[in-house]
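Presented below is the structure to which this report refers.
Just so you know, all these numbers are worked out from the coordinates, no wet-lab data involved. Here the structure is a predicted model, which is why all the values come from computation and not from measurement. Reconstructed Cβ throughout: ideal geometry from the backbone, glycine too, with neighbour counts over all protein chains shown.
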Amino acid sequence: MGAMENKSLNVFNSRLVLASPMTATDVDYGRIEGVSESFPPFLSFFPPPRRPTKKNSLYLSRPSLSVSFSQVIGHEYFHNWTGNRVTCRDWFQLTLKEGLTVYRDQEFSADVGSRPVKRIDDVCRLRAAQFSEVRKRERRRGFLNFLAVFGEETEGGTERAGRRRKKTSLFFLLKKKKTHQQDAGAMAHPIRPESYIKMDNFYTLTVYEKGAEVVRMYERVLGKEGFRKGMDLYFERHDGQAVTCDDFRSAMADANGADLSAFARWYEQAGTPEVTVATAHDPAERTFTVTARQRTPAAPGQPEKGPVPIPIATGLLAADGSDLELALCDGGDSTGVRLVAEEAGGRAKRTAVLLLDAAERSWTFAGVAAPPAAVSLLRGFSAPVRLSVEAQTEEQLLFLAANDADEFNRWEAGQTLARGALLGLYASAKKALTASSSDGGAAAASNGSDVASAAADAAAAAAAAAGPVPKGVFTAFASVLADGALDGAFASAAISLPQPSELVDAVPGGDADPLLLHAVRRRVVRELAAASRPALEAAVAANDDAADVPYSPEFAGAARRAIKNKALSFLAALHSERAGVDAEGAAAFRAELLKRARDASNMTDRVAALACLVDSPRGTPEREAALAEFYEDYKDEPLVLLKWLALQAGSDAPGNVAAARELSSHPAFLPTNPNCCYSLYLAFVRSAPNFHAADGSGYEFVADAVLTVDKVNKQVAARIAGAFTSCKQFDARRRGLMQAQLKRILGAESVSENVYEIVSKSVE
């Protein structure tokens, strides 16, 4: 729990409110947004570290900073209106207060920081727990089409692949797989759940973050003024009342004289809509038509789904990168369409918000003499859907990444390019790995080698031989580093590769090999680092803080540190011994990282250096020295040791399962402390090479954790058990290993209802 609102008293997790400039990172302050002089002084408390040391002497010489609203503090503060002043009638209406309040804290944080970066962060969080709900057969067919376009040999040969190129988007499959895990997995539920065993299990991304996206769609459809009128009427009607989601929807509709009845389906239907967009240019009529279709796949208990209202924020880009003027043809259907003109980064940004409120709709724009260089769709992630754009090319994506006035879509285009490259390499590597070993390399252990190590080595070898990385990825990566106008926070996000969960999501047929995906992703990181090494080194040097510059969590400083430390992580991967570089070069870079950890003037930079070192093999002198010194400096600071635990548990170092088990017995780890459990166990789950170790040891470790923690905190145990809910995504071997642990948990005595609900719904 981050915090809890109560009338007259809000309660916060100690790691949020006891943050010190010398013990909190920029990530921490992302949740505790630092905005001077805009919050009551009684919350400007940063207790000094307990022991003056060289590491915290800078803090002791400077005055205390004041802290403002944050994503977390602001969230609970806003609950005074949306949650306390007007509350929900019952627990089924939980998203009424939580989704609405998440939307409000997101908007506040965006206003005080960088709106594009905040939007990227929010969407990444939404996508962090994702997998596809497309049926196996459909996934397989779509993936073969993708391979054909990408140049992989498929049934039918190159001639057939050429024909497919004309009618199949290069990234059709890739952009179609984004969804919420809870929308398709064992715990699938709409934002307003219909039933539950334990309500504790429904404090979920679906209720909170997806609920916030539904609120945001009201604002997209009605506009800012219309949304404000709806909020004013909502409070006027229901001040001091306990109400329902339908009451909120009615206030929005009545205040604007709009029919919003179709929004009810967003509250009733589980699943993520799939939207397919096709475009056509008519040079004779000088028109451009956008056609969109939607469908929501069946879900347990919901075989049939009706269309939902989906605002698709759309822009058309000219050849010079500018936004075209937008005007709908006379006589066409303009129902629900809003034309929005605004300024973004000194440029005119022209957007048409197209409301897809039926199974299919078309809109035709007038005065378009030539085909747009690119079409920018779903700007700002205007709806929580999976989007497919027919006939979208790599060249168009590169154009969007370089020119789109919507910075979110610039980022999205780069992500789509990278995702395509990673999955193309994975497909090639998978074919080679399957040919060499039917069990993904585990059989190599028959010669006496360790099963997990053998599988990891086989995956690395297959990834290395998977063929060249597409040139477009290098182009996009280099263009971001060369663009001096970008702030560091956005640049850091723009050069980040898609997360492993997104890649797993796109693998067809529930047959993902997480070790191989990790190996492929790591290879691409190394090659990007090698190709852009001078630019990365320049980014590190240019954004290093001078020794006499005091730390500030404000955006400008955090942005510099973001791109610097992101560049440092790429260089660390390049110098990894596992990358095949010479031992002397690897040791020299580790020495530099150790020096950075020792000399860091703030926790952000120290943790970043340590994060690069911790992936080195256990026993590496620099790694062990950095960890030991960090512990010695902060052994009396339990909140800081949470970072120490998480860094080690989440390390991708080979054989880290044993290290994680050792940490569970370390004095710094308290199994009765929820923060300790999250830092150790949830960090471990995010390490693909170790959680998904071929011998199943990672699954056994997490199952042991569930059973142990369940005896002292059933809510925390249930959250840890959630690591197994996506087991159907993976190959048969790992699926079997995960299922065995799920059955072991169910067979244990006195399993809590919290854990039982999640595990029983995940067992096949």
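Entry for the range 626-706 at q = 0.22, 0.23 Å⁻¹: log10 I(q)/I(0) = -0.97, -1.04, Debye formula applied to identical alpha-carbon scatterers, no solvent contribution. Counting neighbouring Cβ atoms within 10 Å and putting the fewest first, the residues Asp122, Asp320, Asp483 line up as Asp320, Asp483, Asp122.
In this calculation the C-beta distance from Val763 to Ala531 is compared with R0 = 56 Å, giving a FRET efficiency of 0.75.
Note down the Stokes-Einstein diffusion coefficient of the range 530-582 in µm²/s, whole number, using a Kirkwood radius over alpha carbon pairs, 4 °C, and 1.567 mPa s.
106 µm²/s
If the chain linking Ala319 and Ala591 were pulled fully straight, counting 0.36 nm for each residue of separation and taking away their Cα-Cα distance, it would gain 93.1 nm.
Size descriptors for the range 667-764: radius of gyration and Dmax over Cα atoms are 12.6, 38 Å.
The simple Förster model, with R0 at 56 Å and r as the Cβ-Cβ distance, assigns Glu753 and Arg286 a FRET efficiency of 0.30. Couplings 3J(HN,Hα) for the range 241-246, derived from phi with the Karplus relation 6.51 cos²θ - 1.76 cosθ + 1.60 (θ = phi - 60°), are 10, 9, 10, 10, 4, 5 Hz, where x marks Gly and Pro. The value given for the range 226-279 is a Kirkwood hydrodynamic radius of 12.7 Å, derived from the mean inverse Cα-Cα separation. Loop-located trypsin sites (Lys or Arg not before Pro) in the range 497-559 (DSSP state not H, G, I, E or B) with no more than 13 neighbouring Cβ atoms inside 10 Å do not occur. Stretching Glu662 away from Glu624 to a fully extended chain increases their span by 12.2 nm, per 0.36 nm per residue minus the current alpha-carbon distance.
Separation of the alpha carbons by more than 29 angstrom is noted, of Lys471/Lys566; Lys566/Lys761; Lys595/Lys635; Lys635/Lys711, for Lys566/Lys761. Calculated from the alpha-carbon coordinates, the range 402-558 shows an Rg and a Dmax of 18.8, 58 Å respectively. Entry note: the range 347-412 has Rg to Rh equal to 0.94, where both radii use alpha-carbon atoms and Rh is the Kirkwood radius.
Highest mean first, the peptides 612-618, 630-636 sorted by other C-beta atoms within 10 Å per residue fall in the order 612-618, 630-636. Residues in the range 341-378 near a label at Glu225, defined as backbone nitrogen under 18 Å from the 7 Å Cα→Cβ point? Answer for the range 341-378: 341-343, 351-353. Taking amide H positions as modeled 1.01 Å from N, with prolines and chain starts lacking one, the residues under 5 Å from Ile312 and 5 or more places away or on another chain are Leu354, Leu355, Leu356.
With θ taken as phi - 60° and the Karplus curve 6.51 cos²θ - 1.76 cosθ + 1.60 applied, the whole-hertz 3J(HN,Hα) list for the range 618-632 is 4, x, 4, x, 5, 4, 5, 5, 5, 5, 5, 5, 4, 5, 4 Hz, x standing for glycine and proline. Taking R0 as 51 Å, what's the FRET efficiency between Lys711 and Arg237 from their Cβ-Cβ distance, rounded to 0.05? That pair, Lys711 with Arg237, gives E of 0.60. Separation of the alpha carbons by more than 30 angstrom is noted, of Lys97/Lys305; Lys431/Lys564; Lys431/Lys643; Lys430/Lys643; Lys224/Lys728, for Lys431/Lys564; Lys431/Lys643; Lys430/Lys643; Lys224/Lys728. Taking the inverse of the mean 1/r over every pair of distinct Cα atoms in the range 476-542 gives a Kirkwood hydrodynamic radius of 13.5 Å.
Taking a Cβ cut-off of under 15 Å around Glu236, the surrounding Lys, Arg, Asp and Glu residues balance to a net charge of 0, with basic ones at +1 and acidic ones at -1.
Hydrodynamic estimate: the Kirkwood radius of the range 301-367 over Cα pairs, inserted into Stokes-Einstein at 4 °C and 1.567 mPa s, corresponds to D of 95 µm²/s.
Take the Cα of Glu390, step 7 Å toward its Cβ, do the same at Val549, and the gap between the two points is 5.1 nm. Distance from the C-alpha centroid of the range 531-588 to that of the range 318-372: 41 Å, rounded to the whole angstrom. From the Cα gyration tensor of the range 566-700, with a ≥ b ≥ c the square roots of its eigenvalues, which class applies: rounded if a/c is under 1.5, or else prolate if a/b is larger than b/c, or else oblate? Judged from the Cα gyration tensor, the range 566-700 comes out oblate (a/c at least 1.5, b/c at or above a/b).
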